[in-house]
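Structure first, commentary second.
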Amino acid sequence: MTDDSRHDEILNEPPAELDGARVLWWAWSGERPFGELPGAPDDERWIHGFAICRYSGSTTCYRFSCNSRWEVVQDATYDDEEQAKESLPAQYDRDRVTWNRVIDDGRESL
């Protein structure tokens with residue numbers, strides 16, 4: 001018998017990179033999305049994950065909004081990580097967002 005809850009937890013973590021940018025922070029909604037991206041196609045409409053990322057050599061941070069498969073469906077740029085985390089649009093359930101920091105290829109919840 002396997003521990004399915006641990007298996008699900010691992011599957012819900014993003015890859016180390018999204019669209020070629022290194023993931024620094026991430027948040028996952030679980031089965032119920034954080035919210036809806038109005039006007040997006042059905043497979044991109046429901047946002048389940050957020051990731052704060054940085055491209056190599058860049059000082060700019062990106063907040064990626066992702067579907068249930070960690071595919072980026074929207075991005076926004078910010079000067080720093082805290083600004084990116086704090087400025088979630090009003091259409092998302094911000095109270096449910098728990099940011100997890102990536103540390104040396106490990107994960108830490110804050």
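Couplings 3J(HN,Hα) for region 57-67, derived from phi with the Karplus relation 6.51 cos²θ - 1.76 cosθ + 1.60 (θ = phi - 60°), are x, 9, 9, 7, 9, 10, 9, 9, 9, 10, 7 Hz, where x marks Gly and Pro. Per-residue 3J(HN,Hα) values for region 36-45, derived from phi via the Karplus relation 6.51 cos²θ - 1.76 cosθ + 1.60 with θ = phi - 60°, read 10, 9, x, x, 7, x, 3, 6, 10, 6 Hz in sequence order (x marks Gly and Pro). For residue 25, the residues whose amide H sits under 5 Å from its own are 52, 102, ignoring neighbours fewer than 5 places away on the same chain, with H placed 1.01 Å from N. For region 81-88, backbone phi angles converted through the Karplus equation (6.51, -1.76, 1.60; θ = phi - 60°) give residue-by-residue couplings of 5, 5, 4, 5, 6, 7, 9, 5 Hz, Gly and Pro being listed as x.
Since every read-out is calculated from the coordinates, none of them should be taken as a lab result. Bear in mind the structure is a predicted one, so any value in this text is a computation, not a measurement.
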